[in-house]
Amino acid sequence: MPDRAELEAARAKVGMHLVQLNTEEFTVRFGQEGVMLDLGAIGKGHALERAAEFLREAGVASAFLHGGTSTAYGLGHPQEGEGWKVAVEFPPRKGPDDRPKYTAAVPLRDEALSVSAVWGRSFQAEGKNFGHVLDPRTGQPVAGALLAAVALPSATETDALSTALLVAGQGGHDKIRNLRPAMRTLVISETGVGGGFCVTSHGVQAAENEGGDDVTPTIVLLVINATVWVCQFLAYRAGKTDFFDD
């Protein structure tokens with residue numbers, strides 16, 4: 001694990017104040033050595049958004065695009081319903097009863113849903129569990145919130161804002177939600193008492209009982225990984241058809 005000095009050194013290289021954008025010359029300059037841009041929080045969402053645009057241009061009125069384990073886009077609606085109903089997984093539980101449970105089913109119609117969580121990629125060290133999402137204010141893995149979900153028409157925005165909401169947690173829920181008038185959000189955090197969970201939402205109908213036994217989704221977010229397909233589709237549109245040779 002990094003010590004305090006290493007964390008402070010890393011934090012000194014984080015922040016938009018270190019990124020200088022020249023809109024006239026279309027250049028980017030960093031204010032300090034070691035600063036980098038990581039598109040991991042928006043790249044998948046942007047790819048899905050572009051793919052949906054291409055499908056619209058091709059005359060496709062109804063489709064469901066899934067970008068791996070965190071972002072999905074519902075184009076139009078399925079024949080059997082008014083929207084693509086996507087389930088949000090409840091935090092996993094330890095023990096023999098550790099089976100998938102859902103906390104909400106979010107209907108999407110020309111909208112995207114992104115979910116950020118701390119348990120998807122994590123590791124244990126010094127007796128603690130650490131997730132892969134870091135809080136730039138502390139340099140430490142996110143603590144408090146376990147899952148954050150955001151629904152909006154733009155998949156690029158939902159991808160970014162779900163990560164921001166996970167970092168902000170319950171205390172910053174309203175601040176993040178108010179960034180976009182039509183945003184629907186969901187945050188799950190630990191209560192710290194008896195292994196319980198606290199669920200807050202705006203515009204998302206959470207399950208009436210813990211564990212989502214009353215949720216009947218048509219699609220579960222975290223079922224397949226279509227990231228490769230999205231990349232192949234975009235490459236095909238760009239004329240790089242060799243991606244389909246395999």
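Rule-based calculations on the coordinates, nothing more; no lab input. Remember, predicted model here, so these are calculated numbers, not experimental data. Heads up, the Cβs are rebuilt from the backbone with ideal geometry, glycines too, and the neighbour counts pull from every protein chain shown.
Against the 2.2 N^0.38 Å scaling, with N counting residues, where does segment 1-124 land? I'd like the Cα-based Rg ratio to two decimal places. Can you show the working numbers first?
Working: Rg = 20.2 Å, N = 124, 2.2 N^0.38 = 13.7 Å.
It is 1.47.
Express in nm, to one decimal, how much length is gained between Thr27 and Glu57 on full extension, taking 0.36 nm for each residue of separation and deducting their alpha carbon distance. Intermediate values should be presented prior to the final figure.
On the way: separation 30, 0.36 × 30 = 10.80 nm, distance 3.08 nm.
Value of the extension gain: 7.7 nm.
Strictly over 26 Å apart at the Cα level, which of Lys44/Lys85; Lys44/Lys175; Lys44/Lys128; Lys128/Lys175 would you flag in this model?
Cα-Cα > 26 Å for Lys44/Lys128; Lys128/Lys175; rest within.
What are the residues whose amide H is under 5 Å from the amide H of Lys101, where those residues sit 5 or more places off or on another chain and H is modelled from the backbone?
Excluding prolines and chain starts, which carry no amide H, the hits are Phe90.
Grab the other residues whose beta carbon is less than 12 angstrom from that of Thr163, score K and R as +1, D and E as -1, and report the net.
Net charge in that neighbourhood comes out at -3.
Given a Förster radius of 22 Å and the C-beta distance between Thr138 and Glu190 as r, what FRET efficiency does 1/(1 + (r/R0)^6) yield to the nearest 0.05?
0.80
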